[in-house]
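First up is the structure itself, then whatever we jot down about it.
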Amino acid sequence: MFRNKFIKLLTAATFAVVGIGTVNTISSTSTVQASAFHYLRKDHKLVTLGLGENLPVRNYTHGELVQKDDPKDENTYCDTISPLRTRGWKYINGIKYYNIPSQKHLGTTSAYIAAKYFTKKYNDMSYLTVYRVNSKIKALSDDMDNTDDGMWYGKGDIILVNNFSLWNHDKYVDTISPMQDGKHNADGWFTPQEANFGGELTHEDFKNHCSKASANTKFLLNHGEDWYTNSSLARGGMYHKGHFYKVYSR
């Protein structure tokens, strides 16, 4: 089954945006040793870091810690659709953090994400590649049994391939597509839920019916507002509303 959670989060009909609810103060008060704040720009303007997935957020209310950045608690994860921007950083208990204003919960005054997540280690999109379908092919369902009730990929359809299924020589090649029953996404047709469909291809069918797309061929998401290209994936990111952003994911 397709392993890229970020794709599925971006293409859901609705988004679970962290920061809508209020936060209850944690029961045990932690001793916080924070350094001076360091601005990235002399004019103190925001600097864009990129898009994030599963990055834990640390929240404060007037200096009091109300939410720990627990990587095991998905309730602390950042919003996956809003670009993460910062004015600067500081050390908290010896760990470097970026201040991310957009990730504040209601009732909190500051939010921080550890700087270690905005490094190459968490910015690898090499496991995805955009492909073009050269002739009509039936994909097996993306379920545990790979049943034969999957969708048709039509000639010219643009699909996204999970390279892990190729590198690991899995039984099937994992793919995902924003169109249904041979409808080409260039026609602007999307599923009613604005979601993506996963499909499994045999290695023989994949080799015979698909080829790597050109560098700037778009794999469209969200009614065409967002997209991947092989060029953007090579740079570690995607286009969101016409702007390129690096993607940082745990």
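The values are calculated or read from the model by the stated rules, or taken from the named source; none is laboratory data. Keep in mind that this is a model prediction, so the values were computed, not measured. As a convention, Cβ positions derive from the backbone with ideal geometry for all residues, glycine included, and neighbour counts pool all protein chains shown.
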Given (1) at pLDDT 95 or above; (2) farther than 28 Å from Lys120 by Cβ; (3) of a type in the set (D, E, K, R), number of the condition Glu200 does not satisfy: (1)
Determine whether Asp124 is charged (D, E, K, R), under 16 Å from the mean Cα position of the chain (by Cα) and modelled with pLDDT under 95. yes
Hey, any hits in the stretch 237-245 for a residue that's within 25 Å of Asn168 (Cβ to Cβ), outside any strand (DSSP E or B) and within 15 Å of the chain's Cα centre (by Cα)? no
Return the residues of the stretch 87-106 that are surrounded by 16 or more Cβ atoms within 10 Å (Cβ to Cβ), of a type in the set (A, V, I, L, M, F, W, C) and under 30 Å from Lys241 (Cα atoms); say none if nothing qualifies. Trp89, Ile100
Can you pull out the residues in the stretch 59-86 that are assigned to a loop (DSSP other than H, G, I, E, B) and either surrounded by 20 or more Cβ atoms within 10 Å (Cβ to Cβ) or hydrophobic (A, V, I, L, M, F, W, C) (or both)? Asp69, Cys78, Asp79, Thr80, Ile81
Considering only residues that are in a strand (DSSP E or B) and more than 23 Å from Asn222 (Cα to Cα), look in the stretch 41-58 and name the one that is nearest to the chain's Cα centre (by Cα). Pro56
